[in-house]
């Protein structure tokens, strides 16, 4: 009988407490699956005195994360404190340097220091597992790292932030504004008091950087991700999308192009019939396009204590079974540098919403500007707000015009719209949303 | 540098040829991911002389599967011949007895002899990997075996047969009959000349037996699965389902109940809003309900040469990396016996479609019979085919009546409908479809 794997856990919030509970209640199954026992031998957290629902008798309390990470009894250091800096960073580094395995749910740490940490794991022989860092219990890391080991990946994209998907779902289903839905999300605990990390796309960007590295063998780098949030999305965009057969989702997309790996986070129109379009509320989903095979989509809870703990415990079980995968799928020496996606060279279809001052004269002007940039229009929709009549004061009423373009270059779209604005035929700024085909 | 893993492949159809091709073209990535090279050293197939698209120069041709399975140069025997009996069975047994690892896509073999083979793998130390046997490239085996290692499973269910889902999708979308859609499926190569293995649910049952074992620690046994096919489904059922907010799918369902593990395959009404209801055409999907966490759904291609080969190669890569998971998740000694689900004790909601001879007298009679069995009706829909008028000959026209019941026992439903038939108030046999809530 192999000796049990001895685990030290830093951070005893909802996730940490649930990990302790699962290791105890699922002991028999875990031993059966891993071929050896798993035992929590030491823990640490900010407050030792805090009342907790778990039984920690017989478990040592380490004085701080660093002491726990280098504890001679600990084989596997579980980091559940969060944050891209210390104490998480130095504790994980210390654990890896001591040859221990590390399990973490910390996407920020990995997006910023992933390569440095993976190098340390590679050098000292420990595992560095982080299934919970992206999509919680959705097994997307394992699928990219192991399940598609022999399949080239063309694209990986997904809904990686439940807050944004909750807001967009409510906006679409109830015709509410972004601000109203955000307030509700905050009230329900889906969004932080400062929501910018979620709604501006940075949370999605961190997760995407991790997925891109696993999929394409690039060095994980949040700085390589182009990011746009959802705060500019209006109910009329969601309404127009629905009419045109689309839904708007905040997607993280990493795709192999002729110019390299493009990593981008932005509101995206996806065909209503696609798997990703069906994902509503706080649910997350990731679609993987492998070479020569139809898309694989993984759907599930992207957050929550139990879902996150489920992934953490599975990672610990892998350590117990002796699995030592390269953290980012390939040896560090094989990972390539990533440059930031030059979005002006992005190719795809576009949704454009404008407020025309005077239809149809404006429509002709817009069409001319697009034609100058060789942009082909797939469909155009305009709707006179009051049946085309002039307003009471006799002036023309601005008319919303919605255009869907065929695939084109982003710089062409930008140039065309700049010209349209200069023409002074529209009111306000045009709304532009990229289209992602499945 | 570790020596490369030497692979022998039995069966060189579409899948086998694609496995050979992937191992060659993805060599660098595979080596990076596995930590060692992977080399095809020997192959065998029914016809040596057949023209193939792959380059087999330098690869030995073994005289038969058994010779390949016991070839002293082969570390990992890949069985892609299919069939529950010989030569696949004896070749896999021989390979395992020789301490080699085995990778197979053969669901029939596993559903029938899985435990015997897993025992041999356990005894002699080889791996027995079969990701491709269920859902091809959808990583459902890995997710149940490893990804949810520490999470109790309450239910696993899915669309495991593309042929049936293609037929049901066409029937629903185009209002066609089962027979018409089956013919099209055969023409397109989605269904065999003898389609019964698919449309009668046996293919789904084999796959479900494998999933149930991984999810619940039961001994894999196709004989424990209750099976009903889709040939009795009529376009009017799909129409009624749509009106009531459901879709009809052929599901394999394995669920933990107070009476044990229930394994069943039958046409099922699923809420239109569920992830599984969105899965159309030949696509497969599996939903896993873990304890305390929202459902995880994996969607993707359930068949096809490239998708199957992708899973086979990932399994080979796991062998190369030295991963030795218990084939069914737990040591054989921990797996429990399974009894066949007694469907008369199944609990759930029911869809019932009857042809009433004389409405509303019949409705009252039916309601009485259901009430006698303490079955509560959630909704009832009846539609007079011609506005309620009698037919030209003055006789009452039979009226379709559709009932949705609240959760009840199947034996109660059976007793109530037997009484209704005895009352002679309906024409023909009632149609009954079980409802699965998400």
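Bear in mind these aren't lab numbers, they're just calculated from the coordinates by the rules spelled out. Computed from a prediction, not measured in an experiment: that's the story for all the values here. When we count neighbours, we look across all protein chains shown, and the Cβ atoms used for this are built from the backbone with ideal geometry, even at glycine.
Each copy carries residue A:13; placing its label point 7 Å along the C-beta direction from Cα gives inter-copy distances of 5.1 nm, listed from smallest up. Seen against the Cα atoms of chain A and their longest principal axis, helix A:178-187 is set at about 20 degrees.
Taking a point 7 Å from the Cα of residue A:418 along the Cα-to-Cβ direction, the residues of segment A:308-351 with backbone N closer than 16 Å to it are A:343-346. Largest GNM mean-square fluctuation across B:203, B:75, B:411, computed for chain B with C-alpha springs under 10 Å, falls on B:411. For the listed peptides B:47-60, B:304-317, A:78-91, a ranking on the average number of other beta carbons within 10 Å per residue, highest first, reads B:304-317, A:78-91, B:47-60. Pairs of Cα atoms in chain A fall into 20 Å distance bins, from 0 up to the last occupied one, in shares of 25, 49, 21, 5, 0 percent. Spin-label model, residue B:347/residue A:64: points 7 Å from Cα along the beta carbon direction are separated by 5.4 nm.
If R0 is 45 Å, the Cβ-Cβ spacing of residue A:14 and residue A:239 corresponds to a FRET efficiency of close to 0.75. Over segment B:234-277, the Kirkwood radius and the radius of gyration, each from Cα atoms, give a ratio Rg/Rh of 1.07. As a ratio to 2.2 N^0.38 Å, the alpha-carbon radius of gyration computed for the protein assembly as shown takes the value 1.01. Computed from the C-beta positions of residue B:3 and residue A:2 and an R0 of 30 Å, the FRET efficiency is 0.75 to the nearest 0.05. When chain B is treated as a GNM with alpha-carbon contacts under 10 Å, the residue of B:108, B:325, B:258 showing the greatest mean-square fluctuation is B:258. For chain B, the relative contact order works out to 16 percent when only alpha carbon pairs closer than 8 Å and six or more residues apart are counted. Take every Cα pair under 8 Å whose residues are at least 6 apart in sequence, average their separation, divide by the length of segment A:274-430, and the relative contact order is 24 percent. Sorted shortest first, the separations between the residue B:364 label point and its copies elsewhere in the assembly read 7.3 nm; each point sits 7 Å from Cα along the Cα-to-Cβ line.
Give the angle, between 0 and 90 degrees and rounded to the nearest 10, that separates the Cα long axis of helix A:410-422 from the longest principal axis of the Cα atoms of chain A. Rounded to the nearest ten degrees, it is 40. Within 10 Å of the Cβ of each residue in B:305-318, the mean number of Cβ atoms contributed by other protein chains is 5. Taking one quarter of the surface of the convex hull spanned by the alpha-carbon atoms of segment B:140-301 gives a direction-averaged projected area of 9.4 nm².
Against the main long axis of the alpha-carbon atoms of chain A, helix A:162-174 sits at an angle near 40°. When peptides B:344-352, A:131-139 are sorted by average Cβ neighbour count within 10 Å, with the highest value leading, the order is A:131-139, B:344-352. Across segment A:5-133, the mean sequence separation of Cα contacts (distance under 8 Å, 6 or more residues apart), normalised by length, yields a relative contact order of 23 percent. With contributions of -39500 (n - 2.57) from each DSSP H run of at least four residues, the per-residue ellipticity at 222 nm computed over chain A stands at -10000 deg cm²/dmol. Given the Cα atoms of segment A:52-205, and with Rh set as the inverse mean 1/r over their pairs in the Kirkwood sense, what is Rg to Rh to two decimals? Here the Rg-to-Rh quotient is 1.05. Looking at the protein assembly as shown alone, DSSP beta bridges between its own residues are antiparallel in about 70 percent of cases.
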